[in-house]
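Each remark here refers to the structure printed beneath this line.
Every number in this text was worked out from the coordinates using simple rules, so none of it is lab data. Predicted, not measured: the structure shown is a model, and the values here were computed from it. Neighbour counts run over all protein chains shown; Cβ positions are idealised from the backbone, glycine included.
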Amino acid sequence: MTNVADATWAMLADAGVKRCYGIIGDALNPMIDALRRNGRIEFIHVRNEWAGALAAVGESLAHGEPVAVCGTAGPGATNLLNGLLDASRERVPVIAVCGDTVSYALDTGVPEEINPYDLYQTASLYTGRIINPEQTRTVVQTAIRTAVVESGPTVLAIPGDVAAQPYHGPLQQVTYHPSVFRPADADLSQLAELINGAQNVTIFGGDGCRFAHDEVVALATRIGAPVGWAYRGKQWLEWENPNAVGQIGLLGWGGCYEAMHHCDLLLLLGTSFPFAEFYPTKPTTVQIDSRGTMIGRRTHVDLGLVGDIRETVAALLPLVEARKPGHHLVHALDVTKKWHERMGHYVTHGPKLDRIRPEYLAATLDELAADDAVFTVDTGTPVIWAARYVKAKRNRNILASLNWASMANAMPYAMGAALAFPGRQTIALCGDGGLSMLMGDLLTIAERQIPVKLVVFDNSHLEFVHIEMMEAGIAPFGTDFKNPDFAEMAETIGIAGFRLEQPAKLRSTVEEFLAAPGPALLDAVVDPHALALPPHATFGQAENFSLSLAKQAIQGNLDDVIATIEHNVRLV
């Protein structure tokens, strides 16, 4: 006999779900029993539902397929929320299966009762509550199609007694394949006229360029345009691109900012970069996106076109006139080259310094990592070091919580990515604050021997928040904490631990760490005074940094002020 729970997992498995992360509980017991019987979906028992949801996001970011998470009623359901918000902002199909109060007690205020519609309204694209077996096919398939078609999280809330009831309906579902579409010929002709009539064109791309690398590079080469990117465009546009000029924003580098601000035509391809202050105001701006609702949301747009970037650019290429590289491209590439030289200072001198510079650590990891490695990056300064020192390659993935900016994402992302891609090297760049926040799931990694390589940037404080306070002219407060020996702790639970304190031993230690079988953790004690300064500091930011240093000196922290200045003069 098939019950509601059996039917639910059968439809999820048919939709491509291969894993479900979560923690079981009484309201979820019939669902978990059916998951055991199903046998097609692997259950990953995590220590925290939040970590499970982030692991699902990491897996889905890696391969694009739907992934399931689960939590029981009440606290189990609420613990999923942050991870589902991450899935919402990063636009990946994660389907949450939540236990719910028994159907006869709904709306009576029994323990752990919660209204799933209210709880998930900020995160879920669709929330379905099954209180009658006859709803099963419609609700479950709506959750699946919404998650896949609209690229985001959905929720199924199922009371335990309903999950155990017989289901006699059909299970078949409509198979979805992404549509291919581009702007009309007249719109492409108008765009081609703009490009052919412009003297200096710059391309700025985002995650919408995911499958369009060759087409975008061909267009840039044909019209002599510099190519910059938002962070989510890095892994699609940086590699094998002779016109690459880096990244814009607080985490950026290279000639991207100048290329965008000194062109007369700016092409925004598959990006909705959120920080309006970095966009130029003078050039004519064209935005192309598969989601028409995003056009013009961040900056003024003179021409907006809706279409898939790969198909649109491929159709545009025959319409644009080839031109030789001009001063605009040459200058942007020259600025980018100087940025590379400037950023290389602490890499070149890293082995000779007294303390480990995070730049040197990140660059060494990049050099020694496999060409098809998956990097997952914590929100905080690791995301800056990855932007500047981890090179994108054709078969590499660089995954980060860029739109939701959740702390503690790198470790669970790596869990999901490693399970999605067995055999590929998975490296998590973890902040010490981020790792500490979800440290319990180191036990999940140890128990299952998930072969992730966890690198802890150990500086004993929330470095990114520290910098934010200094940029605001505030004397940093509440950002420091005391860390354990993470390597020793890892060893006690069955993860190979490495402690790194001396720059001269960094390379050999990283080689040994990456070669270790199974999971491994590298506790790298990095210079706590290293600052990841923004690439385009305004006068106000510089003034606020000075004000913050003055306040710290007045408060008796002169030694720290002197150390901060001494350790960062090469970046100023």
### Sequence of Glu311, Glu49, Glu447 once ranked by neighbouring C-beta atoms within 10 Å, starting from the fewest
Glu447, Glu311, Glu49
## Note on the structure
Taking segment 185-335, the whole-percent share of alpha-carbon pairs separated by over 27 angstrom is 8
### Task
Classify segment 4-163 as rounded, prolate or oblate from the Cα gyration tensor: take a ≥ b ≥ c as the square roots of its eigenvalues, call it rounded if a/c is under 1.5, otherwise prolate when a/b beats b/c and oblate if not.
rounded
#### Entry: Taking N as its residue count, the alpha carbon Rg of segment 373-462 over 2.2 N^0.38 Å
1.00
### Message
Nothing charged except the Cβ atoms of Lys and Arg (+1) and of Asp and Glu (-1): what's the magnitude of the dipole of segment 4-163 about its Cα centre? Round to the nearest 20 debye.
### Response
460
## Note on the structure
Projecting the Cα atoms of Phe421, Leu84, Thr284 onto the charge dipole of the chain, where Lys and Arg contribute +1 and Asp and Glu -1 at Cβ, the residue farthest towards the positive end is Thr284
### Query
Name the trypsin sites (Lys or Arg not before Pro) in segment 253-314 that are in a loop by DSSP and that have at most 13 other C-beta atoms within 10 Å, would you?
Arg297
### Query
Roughly how many Å is it from the Cα centre of segment 94-121 to that of segment 342-420, as a whole number?
39
### Query
D for segment 1-86, whole µm²/s, Stokes-Einstein with Kirkwood Rh over alpha-carbon pairs at 4 °C and 1.567 mPa s: what number?
100
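Using the structure shown, select from Lys453/Lys505; Lys338/Lys393; Lys18/Lys234; Lys324/Lys391 the pairs with a Cα to Cα distance greater than 24 angstrom.
On the way: Lys453/Lys505 18 Å; Lys338/Lys393 21 Å; Lys18/Lys234 28 Å; Lys324/Lys391 28 Å.
Result: Lys18/Lys234; Lys324/Lys391 exceed 24 Å.
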### Task
Would you calculate a helix-derived [θ] at 222 nm for the chain, using -39,500 (n - 2.57) for each DSSP H run of n ≥ 4 and dividing by the full residue count, to the nearest 500?
-11500 deg cm²/dmol
### Task
Pick out, in residue order, every one of the GluC sites (Glu not before Pro) in segment 185-249 that is DSSP loop and has at most 14 other C-beta atoms within 10 Å; say none if there are none.
Glu240
